[in-house]
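> Pasting a structure here, questions to come.
The values are calculated or read from the model by the stated rules, or taken from the named source; none is laboratory data. What you see is a predicted model; the values in this text were computed from it and never measured. Neighbour counts run over all protein chains shown; Cβ positions are idealised from the backbone, glycine included.
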Amino acid sequence: MNIRIYAFACVLVLAPILRAQQEQPSFGITFSGFVKTDVMYDSRQTIAFREGHFLLYPANIATDRSGIDINAKDNFNILSIQTRLLGKITGPDALGAKTSGLIEAEFFGTSDADVSGLRVRHAYVRLDWPSSSLMIGQFWHPMFVVEMFPGVVSFNTGAPFQPFTRNPQIRFSQSLGKLKLTAAILSQRDFQSNGPAGLSSSYLRNAALPDLHAQLQYSSGSILAGCGFDYKMLVPRLVTTRNVATDGSIWSTAFLGYVRFNLDPVTVKTEATYGGNLADMLMLGGYGVKSTDPLSGLETYSALKSFSWWGEISAGKDIEVALFGGYSKNLGADDNLTGALYGRGTDIDQLFRISPRVVWNIGKVRFASEFEYTSAAYGTPNGLNKGKVENVKTVANARLLLAAYYFF
């Protein structure tokens, strides 16, 4: 009897403590991600990253002394470097906001010499109030719209037709009913601008002005639509070739417009981008030297502009069938160019891609197949015609991609 009374008393004492522990929110980190293996075959040599894994477009014609195209050689590879680990972090409220964080890494490496190396994709802290949010850290550039990017199997995620870059940033978003306004300031890290010293974040850093972005998004029912504006300034040199200090700069703007329709079971997405010096977003563009002072070596610059469009239609969930298409055009600069060109695809007049796919989802397992046909019209950039590409010849690559995923 005394034992029963003692046990009952313990329950009365411990019950409030146990209940309080159960009601207290659990904070910490939860992990998820996926294992992915890609099997790929290309009909010719390509311009790509990480042993051909991240495909942009086919390589230009390069002939040997007999006139044979060296790049007209097919190739094959199997890689698992897109395997990914994500950690979502939760914690107590701060400043009246819900707090969270995220760390995401993969084995893609930071260069071709670092294939299979671990690298940071995303790392940020976020504060969420009822109608606004503040994010500080590395994440997708706002030009990469996370609500509607292409669902292709290829790791290029629609590049070079889709802006593709992750940047350290400070981003603030304000919801106004069905509208959301986003403003961000950004630097560069893994995806950098071109210049006299090659790829480097120093051109943006030396401008002492971050990349500036503003975007307005509308969401209602089955419709998502938005538009964005981006401003970027670079300082390509601190000293001229004549050993004269300089802070000459090149500024550029870019515009983005997109719309998505969810018409269950069909989803339609389309997006267009227009702007200058988009090479750091893995798109066509860059800038060129407009003039050079013969005595001091001081240079002025003009941005190479491009237009890009992509669209996608998909249907199904357990078995998804989809078609992606993209087009990009080199529009040249506003001025004639007299010196070097710095950028991506400055000798390409236009790009075209069509890419059908089939994806089979079975619980945590996914099998996918995609055929990606990409053509590139190569030529010679004419500085006296604003850097536009002339005397073009088109080459094409056909990629067959098979992928297996396991999500956890």
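> Output the number of the condition that residue 203 fails; it satisfies all remaining conditions of (1) surrounded by 18 or more Cβ atoms within 10 Å (Cβ to Cβ); (2) under 28 Å from residue 267 (Cα atoms); (3) among the aromatic types (Phe, Trp, Tyr).
Only one criterion is unmet by residue 203, namely (2).
> Can you spot a residue in the stretch 352-374 that is in a strand (DSSP E or B), in contact with a Phe, Trp or Tyr (Cβ under 7 Å, 6 or more places away or on another chain), within 21 Å of residue 255 (Cα to Cα) and of a type outside the set (D, E, K, R)?
Within the stretch 352-374 (the criterion being in a strand (DSSP E or B), in contact with a Phe, Trp or Tyr (Cβ under 7 Å, 6 or more places away or on another chain), within 21 Å of residue 255 (Cα to Cα) and of a type outside the set (D, E, K, R)), the answer is yes, since at least one residue qualifies.
> Go through 156, 167 for me and flag whichever is closer than 22 Å to residue 216 by Cβ, touching a strand residue (DSSP E or B) at 6+ places or on another chain (Cβ under 7 Å) and crowded, with 23+ Cβ neighbours inside 10 Å.
Being closer than 22 Å to residue 216 by Cβ, touching a strand residue (DSSP E or B) at 6+ places or on another chain (Cβ under 7 Å) and crowded, with 23+ Cβ neighbours inside 10 Å holds for just one of 156, 167, which is 167.
> Please specify each residue of the stretch 222-240 satisfying the condition of being in contact (Cβ under 8 Å) with a residue 40 or more places away in the chain and farther than 23 Å from residue 140 by Cβ.
Listed by number, the residues that qualify are 222, 236, 237, 240.
> Have a look at 286, 275 and point out the one that is assigned to a strand (DSSP E or B) and either touching a helix residue (DSSP H, G or I) at 6+ places or on another chain (Cβ under 7 Å) or at pLDDT below 95 (or both).
Within the list 286, 275, the selection yields 286.
> What residue, among those in the stretch 349-358 that are surrounded by fewer than 22 Cβ atoms within 10 Å (Cβ to Cβ) and among the hydrophobic types (A, V, I, L, M, F, W, C), is nearest to residue 325 (Cα to Cα)?
Taking the candidates together, the pick is 354.
> I would also like to ask the following. Is it fair to say residue 118 is more than 27 Å from residue 259 (Cβ to Cβ) and touching a residue at least 24 places away in the same chain (Cβ under 8 Å)?
So residue 118 does not fit the description; no.
Results for (1) over 26 Å from residue 404 (Cα atoms); (2) in contact with an Asp or Glu (Cβ under 7 Å, 6 or more places away or on another chain), shown as yes or no for each residue.
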site: 132; (1), (2): yes, no
site: 156; (1), (2): no, no
site: 165; (1), (2): no, yes
site: 178; (1), (2): yes, no
site: 181; (1), (2): yes, no
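> To continue, here is another question. Just for strands (runs of 3 or more DSSP E) wholly inside the stretch 121-227: which have at least 1 residues that are over 24 Å from residue 89 (Cα atoms) and not small (Gly, Ala, Ser)?
Per the criteria, 166-176, 179-186, 211-220.
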